[in-house]
Structure formats: structure tokens, C-alpha cells
Amino acid sequence: QVQLAESGGGLVQPGGSLRLSCAASGTIFNIVQMGWYRQAPGNEREMVAISITGPTIMYKDSVKGRFTISRDDAKNTVLLQMDSLKPEDTAVYYCNVIAQVSPHTAPRNYWGKGTLVTVSS
């Protein structure tokens with residue numbers, strides 16, 4: 001099994017910055033993808049930024065130029081630097097990892113518990 005530990009959420013004023021961190025632990029053979037999703041009240045969960053081992057990075061259009069995703073593969077950690085935050089960025093942010101626990105198993109989706117980001121004056 002893979003466990004995800006998130007940190008870094010909180011309250012920030014519009015235009016401010018936050019950095020989210022997610023560390024994956026447990027039995028990990030290979031990580032296929034690490035990333036961040038978010039869910040605002042009344043909305044479906046949506047992709048914010050993902051880093052596919054290879055590497056390929058993808059961002060939601062509305063966060064391009066403001067958010068930066070990075071990985072430390074030696075530590076199985078993914079970061080999301082969020083700058084120029086807007087009220088519409090307010091949501092619960094979830095870490096997502098797609099990983100294999102052994103060479104004989106298919107990659108599976110793993111989710112963190114979520115961390116709340118509130119952008120408000």
C-alpha cells in the first residue's frame with residue numbers, strides 16, 4: 001500500500017502564495033504519475049497539475065503561469081507552488097499518485113486526504 005501525507009494548505013490573501021507538499025510512503029516499486037487535484041464546494045474534482053514520469057507536465061489552463069509543480073523522486077515527494085492566488089482557487093487540494101507496489105501489479109490510483117486552501121481578504 002501507498003500512503004500520502006499532504007501539508008501546506010491555509011488561508012491566504014488574493015495575490016499571495018502557498019506551497020503544498022505531498023510525500024508518498026509505503027511499498028513503492030514505481031511511480032507513474034504524481035499530481036494535484038482540487039474540489040471546490042458544489043463542483044467536481046478537477047486536475048490542477050500533474051507530473052508524468054518521463055517527464056511530461058500538464059496544468060489546468062486557469063493556473064498556467066501561476067502554479068508550478070515539481071517532484072523529488074529520491075524522496076517520492078511532489079510540490080505545488082501556488083503564486084498570484086485568486087479567490088477562485090479556493091478548494092480542497094488532493095495529492096494523487098499513480099504507482100506500482102511491485103513489478104507484477106498494475107499501477108493504482110492513490111489519494112491524499114486533502115488540504116484546504118482558502119483565498120480571501
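The values are calculated or read from the model by the stated rules, or taken from the named source; none is laboratory data. Worth saying up front: this structure is predicted, and the values here are computed from it rather than measured. Cβ placement follows ideal geometry from the backbone for every residue including glycine, while neighbour counts extend to all protein chains displayed. Surface areas here come from the heavy atoms of the whole protein model, side chains and all, with no ligands, DNA or RNA. Shrake-Rupley method; radii C 1.70, N 1.55, O 1.52, S 1.80 Å.
Counting only residues at least eight positions apart within a chain, or on another chain, the aspartates and glutamates with an alpha carbon under 19 Å from that of Lys113 are Glu6, Glu44, Glu46, Asp89. Expressed in Å, the radius of gyration and Dmax of the Cα atoms of the chain are 14.2, 50.
Compute the FRET efficiency between Phe29 and Lys60 as 1/(1 + (r/R0)^6), taking r as their Cβ-Cβ distance and R0 = 30 Å, and round to the nearest 0.05.
Numbers: r = 29 Å, r/R0 = 0.97.
About 0.55, to the nearest 0.05.
Checking every one of the GluC sites (Glu not before Pro) in region 1-90 against DSSP loop status and a limit of 14 other Cβ atoms within 10 Å picks out Glu44. Simple point charges give the picture: +1 on the Cβ of Lys and Arg, -1 on the Cβ of Asp and Glu, and for the chain a dipole about the Cα centre of about 80 debye. Along the axis of the charge dipole computed for region 17-121 (Cβ charges of +1 for Lys and Arg, -1 for Asp and Glu, origin at the Cα centre), the listed residues Ser102, Ser84, Met34 are led at the positive end by Ser102.
Solvent-accessible area assigned to carbon and sulfur over region 54-106 amounts to 54 percent, based on a 1.4 Å probe. Based on protein heavy atoms only, the chain ends up with 53 Å² per residue of surface accessible to a 1.4 Å probe.
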